[in-house]
Amino acid sequence: MNTIILRSRTISKDNFKKDNFKIVSCEERSRHMAEPQRTYVTQEFLEKMKEELTQLKTRKRAEVAQRLKEAIAMGDLSENSEYDDAKNEQSFVEGRILELESQIRTAVVIQTTKSNHVAMASTVRIRDEKTNEEETVTIVGSTEADPFEGKISNDSPVGRALLGTKAGDEVEVDTPAGVIKYKVLEISGSTNK
């Protein structure tokens, strides 16, 4: 019997409908899985991640280890809430360390360039054509995105729509609230050095 491996399922060729699935060879699947996810960041944000990692590895790890030592010294661990809290915090700290190490390892620093087209690290002044409200946003990677600071992800609907546009262009963005039409008013380099 011929079989085709698809994601994590194996199905027989007899039950396979070509219009519903994409055939992927094992080599292609392995190659795709081995490619690390890139983390697009500004130099400033990369430095912040490195600083946080250093703090977690040096100071925070030692603090949590001390809390665990003190909680263990109290005796009976089965009803020791200090021990449970310290173990939970240790788990969080170690998880965050792993996450930061991965992001730093796969980091691609966004290079600011002078261009008349919106690119990563561009700061863009846009206007909502319906409400005439203007806002200024900076296009950054998803790790660095913070809408409250005007930093939007290149993967967000607005970020994707703006990439490649120039001043004067209008874009329509499909959002959960409906279609929003923006006009690109001005493009400048990143506000981050």
Can you quote the Å³ per residue value for the convex hull of the Cα atoms in segment 83-125, rounded to an integer? 87 Å³
DSSP-defined beta bridges in segment 103-156 - what % are antiparallel, rounded to 5: 65 percent
Could you please put ILE97, ILE152 in sequence from largest to smallest accessible area, using a 1.4 Å probe? ILE152, ILE97
If each K or R counts +1 and each D or E counts -1, the residues other than ASP146 whose Cβ falls under 13 Å of its Cβ total -1
Report the per residue volume, in Å³, of the convex hull enclosing the C-alpha atoms of segment 116-159. 76 Å³
Fully extended contour minus Cα-Cα distance, from LYS166 to GLU47, at 0.36 nm per residue: 39.8 nm
What nm value, rounded to one decimal, do you get for the distance between MET74 and ARG125 when each label is placed 7 Å out toward the C-beta? 5.7 nm
Along each of the three principal axes of the Cα atoms of segment 150-193, give the extent in whole Å, ordering the values from largest to smallest. 35, 21, 15
Working with all protein chains in place, sort TYR83, TYR40, TYR182 by solvent-accessible area computed with a 1.4 Å probe, largest first. TYR40, TYR83, TYR182
Given the convex hull of the Cα atoms of segment 97-193, what is a quarter of its surface area in nm²? 6.8 nm²
So SER188 and GLU94, fully extended at 0.36 nm per residue minus their Cα-Cα distance, gain in nm 30.0 nm
If amide H atoms are modeled at 1.01 Å from N in the peptide plane, then the residues at a separation of 5 or more from LYS151, or on another chain, having amide H under 5 Å from its own are THR138, ASP146
Ignoring ligands, DNA and RNA, please state the percent of accessible area on segment 56-193 from carbon and sulfur, probe 1.4 Å. 49 percent
Where in segment 52-151 are there GluC sites (Glu not before Pro) that are in a DSSP coil and have at most 10 other Cβ atoms within 10 angstrom of their Cβ? GLU133
What number comes out for the charge environment of TYR182, summing +1 per Lys or Arg and -1 per Asp or Glu over other residues with Cβ under 11 Å away? -3
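The values are calculated or read from the model by the stated rules, or taken from the named source; none is laboratory data. Every value quoted in this text rests on a predicted model; they were computed, and no experiment measured them. Quick reminder, even Gly has a Cβ in these numbers, built from the backbone with ideal geometry, and neighbours come from all protein chains shown. Surface accessibility is based on the protein's heavy atoms, side chains included, excluding ligands, DNA and RNA. Shrake-Rupley method; radii C 1.70, N 1.55, O 1.52, S 1.80 Å.
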